[in-house]
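Since the structure comes first, as structure tokens, the remarks are kept for the end.
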Amino acid sequence: MMKSIYIIAGILAITVVSCKKENMEVKKVDHSKMHTSQDEKLNVKVVNAEDPVCGMKTAEYLKDTANYKGKTYGFCNSMCKDEFKKTPEKYVIKN
């Protein structure tokens, strides 16, 4: 009985250790190089106050938009919009 507990514990330990931590990392977007004084904010009404991908305030940094299920979502850049378009249901506002 004790031998099987040790075997199960060993298998569990190996499984936990072998999982890659990199799969659990959250993607971060480096915005420092994306905004210059030449960038102009879009003047479009959007349903979100923050970029749904990175969390930047759309009122300050609205650079791109995407329509999803009849709503216009705003983004601080096209990279965030492209990420949104891959899996929009992950980011949409639940009303």
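Here is how the numbers come out for the structure above:
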read-out: Inter-residue pairs, beta-carbon under 7 Å, first free of Cβ contacts under 8 Å to residues at least 12 places away in the same chain and in region 47-75, second surrounded by 14 or more Cβ atoms within 10 Å (Cβ to Cβ), 6+ apart; value: Ala49/Thr58; Glu50/Met56; Glu50/Thr58; Lys57/Glu50
read-out: Any hit, region 60-73, residues being assigned to a loop (DSSP other than H, G, I, E, B) and among the β-branched types (Val, Ile, Thr); value: no
read-out: Scope region 50-76; condition buried (at least 20 other Cβ atoms within 10 Å of the Cβ) and not charged (D, E, K, R); matching residues; value: Pro52, Val53, Met56, Thr58, Tyr61, Leu62, Tyr73, Gly74, Phe75, Cys76
read-out: Residues that are of a type in the set (D, E, K, R) and either loosely packed, with under 11 Cβ neighbours inside 10 Å or at positive phi (or both), drawn from region 77-95; value: Lys86, Glu89, Lys90, Lys94
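Rule-based calculations on the coordinates, nothing more; no lab input. Treat the numbers as computed from the prediction; the structure is a model and nothing was measured. Positions of Cβ are backbone-derived with ideal geometry, glycine not excepted, and every protein chain shown enters the neighbour counts.
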